[in-house]
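Asker: Mind looking over this structure? Questions follow.
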Amino acid sequence: MDLKRLSETAIDEVRKASSAEELFRIEKKYLGKKGELTKILRSLSDLPAEKRKETGKNANILKNTLEGEIKAKNEELSGKTKGVVIDVTAPGKRIEYGHLHPITQILNELIEAGKMLGFSVVDGPEIETAWYNFDALNTDENHPSRDHTDTFYISNDLLLRTHTSPVQIRYMQENKPPIRIFAPGRVYRRDSDATHTPMFNQLEGLLVDEEVTMSDLKGTLLYLVQAVFGEEREIRLRPHHFPFTEPSAEVDVSCGLCSGKGCKSCKGEGWLEILGAGMVHPNVLRAGGIDPKKYQGFAFGMGIERIAMLKYGVDDLRAFYDNDLRFTEQF
Ligand code: PHE
């Protein structure tokens, strides 16, 4: 480094030093045994005579200046600490703890309750083939959910799964009954407003065994719903249609504010829709390689964000994904 630049940076560094330790390090860096300025002073004799005089003079000036600056800075820094008083009675700084996202909390509650009933948790891909997402689930070739306006396609055959139901098929192909699984995960639909986001989370349930009935389904769902919403809540099943279940039902939970009588929060209904369910369609069992003559099953799928909105009284779904701490800290 040439002397002029060295002088500028060295003085600048000394002036900016914010602690005695830092200042000591800077002093060593320039004036120590192997310091940059020391090196220059030591190598003066290697220089040609006409340069030696000039450089020697300037280097010595810099050395004196730097020593002066360091001395001044030292005084300034020690003066700073002299006056400091520690107030031992001052209240401490509160330590902020993080916590799980409300969606994760609800999922965990459901999964814990499912474990009590013998359900284990399995996973499936978020990028699916049309076959797993639709065909194997008995969905008609012309079903509207296949539309490009509803589903995110990656290619003709690949898409972002629109529900967690394809995990049913994948699991049945690899495992024989009895089957008792939960498949939580992200799903994607081309939808966006206060109650729909293009990505949301579902929890899929599948049970396949001999002699499984609709009342097993109802008992299971009641247990899960009460685990999340409280034991005073009831459920009801309304007839519905899904391609992959027969019979199918939409399931409602009794309103927590009016217990089913009807109020503003449930729009006078007394009930709030929370999930879809039904007995696994024989074609779906077949697609999974399971003999529908020997086995039956039930399945359900619920939107976790929807459950969280109902449980916490949140009316805009997007709040869960805005990462505004004033919102997420409430849970
Ligand atoms: N897959 C359905 C949905 O996304 C939910 C469902 C799952 C319904 C399993 C019945 C059985 O709406």
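Asker: Restricting attention to region 132-198, which chymotrypsin sites (Phe, Trp or Tyr not before Pro) occupy a DSSP loop and are surrounded by at most 12 other Cβ atoms within 10 Å?
Answerer: Qualifying residues, ordered by number: none.
Asker: Return the whole-Å distance between the Cα centroid of region 201-250 and the Cα centroid of region 94-166.
Answerer: Cα centroid of region 201-250 versus Cα centroid of region 94-166: 17 Å apart.
Asker: When the Debye formula is applied to the Cα atoms of region 80-160, each taken as the same point scatterer, what base-10 log of I(q)/I(0) results at q = 0.10, 0.12, 0.15, 0.16 Å⁻¹?
Answerer: Log10 I(q)/I(0), no solvent term: -0.55, -0.66, -0.85, -0.90.
Asker: Counting only protein heavy atoms and using a 1.4 Å probe, what share of the accessible area of the chain belongs to carbon plus sulfur, as a whole percent?
Answerer: 52 percent
Asker: Another one. Calculate how steeply helix 20-31 sits against the longest principal axis of the alpha-carbon atoms of the chain, using the helix alpha-carbon long axis, and give the answer as 0 to 90 degrees to the nearest 10.
Answerer: Helix 20-31 sits roughly 50 degrees off the main axis of the chain.
Asker: On average, how much accessible surface per residue is there in the chain, in Å², for a 1.4 Å probe, leaving out ligands, DNA and RNA?
Answerer: 58 Å²
Asker: What whole-number value in cubic angstrom gives the convex hull volume per residue for the C-alpha atoms of region 1-107?
Answerer: Roughly 181 Å³ of hull volume per residue.
Asker: To continue, here is another question. Please list, in order along region 56-71, the HN-Hα scalar couplings obtained from phi with the Karplus expression 6.51 cos²θ - 1.76 cosθ + 1.60 (θ = phi - 60°), rounded to whole Hz, x for Gly and Pro.
Answerer: x, 4, 5, 4, 5, 4, 4, 4, 5, 4, 4, 4, x, 4, 4, 4
Asker: Trypsin sites (Lys or Arg not before Pro) within region 1-104: which are DSSP loop residues with at most 13 other Cβ atoms inside 10 Å?
Answerer: Of the trypsin sites (Lys or Arg not before Pro), the ones in loops of region 1-104 whose Cβ has at most 13 other Cβ atoms within 10 Å are Lys33, Lys34, Lys93, Arg94.
Asker: Check which residues have an amide H placed less than 5 Å from Leu275's amide H, if you skip close sequence neighbours.
Answerer: So Leu275 has HN proximity to Val251.
Asker: Would you work out if region 102-328 is rounded, prolate or oblate? Take a ≥ b ≥ c from the square roots of the eigenvalues of the alpha-carbon gyration tensor; rounded if a/c is under 1.5, else prolate when a/b is larger than b/c, oblate otherwise.
Answerer: Taking the square roots of the gyration eigenvalues as a ≥ b ≥ c, region 102-328 is oblate.
Asker: Please give the calculated 222 nm ellipticity per residue for the chain, where each DSSP H segment of at least 4 residues contributes -39500 (n - 2.57) and the sum is spread over every residue; nearest 500 deg cm²/dmol?
Answerer: Helices in the chain give a 222 nm mean residue ellipticity of -12000 deg cm²/dmol.
Asker: Alpha carbon centre of region 296-331 versus region 1-69: separation in Å?
Answerer: Here the two parts' Cα centres lie 64 Å apart.
Asker: Continuing with this model, one more query. About the Cα centre of region 3-77, what is the dipole size in debye to 20, counting +1 per Lys and Arg Cβ and -1 per Asp and Glu Cβ, all else neutral?
Answerer: Approximately 380 debye in magnitude.
Asker: Between Asp193 and Cys263, what length in nm is gained on full extension when 0.36 nm per residue of separation is reduced by their alpha carbon distance?
Answerer: My answer for the length gained is 22.8 nm.
Asker: Can you list which of the trypsin sites (Lys or Arg not before Pro) found in region 265-331 are DSSP loop residues with at most 16 other C-beta atoms within 10 Å?
Answerer: Of the trypsin sites (Lys or Arg not before Pro), the ones in loops of region 265-331 whose Cβ has at most 16 other Cβ atoms within 10 Å are Lys267, Lys293, Lys294.
The values are calculated or read from the model by the stated rules, or taken from the named source; none is laboratory data. These figures come from a predicted structure and were not determined experimentally. Cβ: placed from backbone, ideal geometry, glycine included. Neighbour counts: every protein chain shown. Please note that ligands, DNA and RNA were not included when accessible areas were found on the heavy atoms of the full protein model with its side chains. Shrake-Rupley method; radii C 1.70, N 1.55, O 1.52, S 1.80 Å.
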